[in-house]
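Asker: For reference, the structure I am asking about is given below.
The values are calculated or read from the model by the stated rules, or taken from the named source; none is laboratory data. Source: prediction; values computed, not measured. Note: ideal-geometry Cβ built from the backbone for every residue, glycine included; neighbour counts use all protein chains shown.
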Amino acid sequence: MAIPHPREIQVAVVDWLDERYPFTKAVDEALYQRVPNFANAFYYCFGGMVFILIVFQLLTGVLLALYYVPDATGNPAPAYTSVQFIQNTVYLGWLIRGVHFWSANLLIIMVLVHMARVYWTGSYRAPRELNWMVGVLMLLIILALSLTGYLLPWDTKAYFATEVTIKIAGLTPPQQLGMFVKELLQGGPVVGPPTLQRFFTLHVFVLPALIVLLMYVHFRFIRAHGISEPL
Amino acid sequence: MSDKKIENDGPGAAVAAPKEVQIVELDGHGGHTLEPEWKRLPIGPDHILYPVLVGLALFPILMGDAGHHLADDMPDEDTHPFFPDHFWPYPIIAVVMLIAVGVLSAFVQKNLQLEPAADPRAVTIPRPDWYFLFLFQFLKLGPELIMSQVIPGIVVGALILFPFIDGIAGPRMARRLGWKSWPVPGRNIITGTVFVLGLLYVAFLEFWALAGPNFCLPYFTGPVCGA
């Protein structure tokens, strides 16, 4: 029996898929749809840049999580020493951590720039109001990611900045609610190991899942409405 | 497809048989103008790069139906295909950004260095990162509760509801005040002015904080210094 050419196998696979779902049609629909020329303006790229930076964050975050230890017991805590280990010992650890750090900073800038573009071109107006709201929620989640990520190195700066943040969150009226929020974030009477555990969980599981979900909704809206016309 | 046919037509020439595509129909793809076949890159289902193309297409496929877009009603010369014309800058942007953050990581190590390990007994005045610095400065300007919860809460709420505020309240107020036009931004002078003034205020607070603890400005409650 003659061995089929890889190309024949590929065609056979595509044909098989096409018989069950309009596969090639879907690919054509997705890729060859036409886009207005005005969307080539540089400022329409900002949203794409935000997406690219979020992908950088997710990828480098996964790599950092391979070595990071979310444990704040002892002095110095394993959380602190693991970050030191990433920074000084792990092969290219300094680069991965650097890309994560600088991408996070750049991400906030690009989100604000993208938001300014959306505002400037009036892209938040009907029928895109919901997408604007999703975008604002994503901005808040990105800020929350920055806030929770700040504590993870468990150094002096991170500790005291988080203490202030939690103190502010604890001001929420009425007093009982404020205390509840503070306890919820802190996981105890003071900022300590449970706080790090909670911030780590938020930073690594909850908030990234939320942002991926909201990104999906954001893109679905964009796909449904198309690129907005400039004013 | 036979090898002989591939040799004659070249890779990329194969297209799916239309009768096989009829089995399941996608919903609602009503009348999109796609790039004509003769203009596309010759990457058909038999081409070695077709899986890459499918990978790229998976993203918009997952995003659901495209709906009826502005481009569908525009003449051909005012539009271009998504792939490759619209797509190609993004991989380049991704590479450039990766290089940029890589260079920053290599040469601006100062911000990445750790301070001593956290010690609750240490005495230190925390200074947040730049993106929360304006808020940190704002806290100094009034009662904690109002500056940290009430006003930021109102601002976030207004930001979320901005399209409605912009669409309803702005024009009515503008008509009452007899404001006719303001070239930028957008068409709504009230919300536009508030938006820009808000941004300017945030920038002012940010620079005030950045100026450091020795830079103080007079305020109702006495001089307020940077962070």
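For (1) more than 22 Å from the chain's Cα centre (by Cα); (2) modelled with pLDDT under 95; (3) of a type in the set (Val, Ile, Thr); (4) more than 26 Å from B:Ala122 (Cα to Cα), each residue gets a yes or a no:
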site	(1), (2), (3), (4)
A:Asp28	yes, yes, no, yes
A:Gln33	yes, yes, no, yes
A:Phe38	yes, yes, no, yes
A:Ala41	yes, yes, no, yes
A:Val62	no, no, yes, yes
A:Phe85	yes, no, no, no
A:Asn88	yes, yes, no, no
A:Ile96	no, no, yes, yes
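Asker: Given B:Asp85, B:Asp73, which one is more than 8 Å from chain A (Cβ to nearest Cβ) and surrounded by fewer than 18 Cβ atoms within 10 Å (Cβ to Cβ)?
Answerer: That would be B:Asp73, the only listed residue that is more than 8 Å from chain A (Cβ to nearest Cβ) and surrounded by fewer than 18 Cβ atoms within 10 Å (Cβ to Cβ).
Asker: Only one residue in A:Val69, A:Val62, A:Val90 is more than 21 Å from B:Ala117 (Cα to Cα), β-branched (Val, Ile, Thr) and more than 7 Å from chain B (Cβ to nearest Cβ), so which one is that?
Answerer: Residue meeting the stated conditions: A:Val62.
Asker: Also, I was wondering about something else. Determine if the stretch B:93-110 includes at least one residue that is surrounded by 13 or more Cβ atoms within 10 Å (Cβ to Cβ), without any contact (Cβ under 8 Å) to a residue 60 or more places away in the chain and touching a Cys at 6+ places or on another chain (Cβ under 8 Å).
Answerer: The answer is yes; a qualifying residue exists.
Asker: Let me ask something else. In the stretch B:37-60, is there at least one residue being at pLDDT below 75, at the interface with chain A (Cβ under 8 Å from one of its Cβ atoms) and in contact with a Phe, Trp or Tyr (Cβ under 7 Å, 6 or more places away or on another chain)?
Answerer: Within the stretch B:37-60, not a single residue is at pLDDT below 75, at the interface with chain A (Cβ under 8 Å from one of its Cβ atoms) and in contact with a Phe, Trp or Tyr (Cβ under 7 Å, 6 or more places away or on another chain).
Asker: Right, A:Val136: in a helix (DSSP H, G or I), within 11 Å of chain B (Cβ to nearest Cβ) and without any contact (Cβ under 8 Å) to a residue 40 or more places away in the chain or not?
Answerer: yes
Asker: Six or more apart or on different chains, Cβ atoms under 9 Å: show the pairs whose first residue is in the stretch B:112-132 and closer than 17 Å to A:Val191 by Cα and within 7 Å of chain A (Cβ to nearest Cβ) and whose second is surrounded by 17 or more Cβ atoms within 10 Å (Cβ to Cβ) and of a type in the set (D, E, K, R).
Answerer: Correct list of pairs: B:Pro116/A:Asp155; B:Ala117/A:Asp155; B:Ala118/A:Asp155; B:Ala118/A:Lys157; B:Pro120/A:Glu163; B:Thr124/A:Lys157; B:Pro126/A:Lys157; B:Pro126/A:Glu163.
Asker: Quick check on this structure: which one of A:Phe56, A:Phe85 is of a type in the set (A, V, I, L, M, F, W, C) and within 8 Å of chain B (Cβ to nearest Cβ)?
Answerer: A:Phe56
Asker: Could I ask something else about it? For a quick check of your reading: which helices (runs of 4 or more DSSP H) sit entirely within the stretch A:16-110 and have at least 3 residues that are out of contact with any helix residue (DSSP H, G or I) (no Cβ under 7 Å at 6 or more places or on another chain) and within 30 Å of B:Met74 (Cα to Cα)?
Answerer: Correct list: empty, since no element meets the threshold.
Asker: Those residues that are part of a helix (DSSP H, G or I), facing chain B (nearest Cβ under 8 Å) and surrounded by 17 or more Cβ atoms within 10 Å (Cβ to Cβ), I need them from the stretch A:111-125; list them, please.
Answerer: Of everything in the stretch A:111-125, just one residue is part of a helix (DSSP H, G or I), facing chain B (nearest Cβ under 8 Å) and surrounded by 17 or more Cβ atoms within 10 Å (Cβ to Cβ), namely A:Tyr119.
Asker: Let me ask you something else. Being under 26 Å from the mean Cα position of the chain (by Cα) and free of Cβ contacts under 8 Å to residues at least 40 places away in the same chain is true for just one of A:Ile211, A:Ile168, A:Ile227. Which residue is that?
Answerer: Result of the check over A:Ile211, A:Ile168, A:Ile227: A:Ile168.
Asker: Same structure again: Somewhere in the stretch B:52-59, is a residue free of Cβ contacts under 8 Å to residues at least 12 places away in the same chain and under 20 Å from A:Tyr44 (Cβ atoms)?
Answerer: Within the stretch B:52-59, one or more residues are free of Cβ contacts under 8 Å to residues at least 12 places away in the same chain and under 20 Å from A:Tyr44 (Cβ atoms).
Asker: If we scan the stretch B:149-158, do we find a residue that is within 9 Å of chain A (Cβ to nearest Cβ) and at pLDDT below 75?
Answerer: Looking through the stretch B:149-158, none of the residues is within 9 Å of chain A (Cβ to nearest Cβ) and at pLDDT below 75.
Asker: Is it true that some residue in the stretch B:124-132 is under 31 Å from the mean Cα position of the chain (by Cα) and modelled with pLDDT of 90 or more?
Answerer: No: zero hits.
Asker: Looking at A:Glu183, A:Glu163, which is the one that is assigned to a helix (DSSP H, G or I), more than 10 Å from every other protein chain (Cβ to nearest Cβ) and over 19 Å from A:Leu140 (Cα atoms)?
Answerer: A:Glu183
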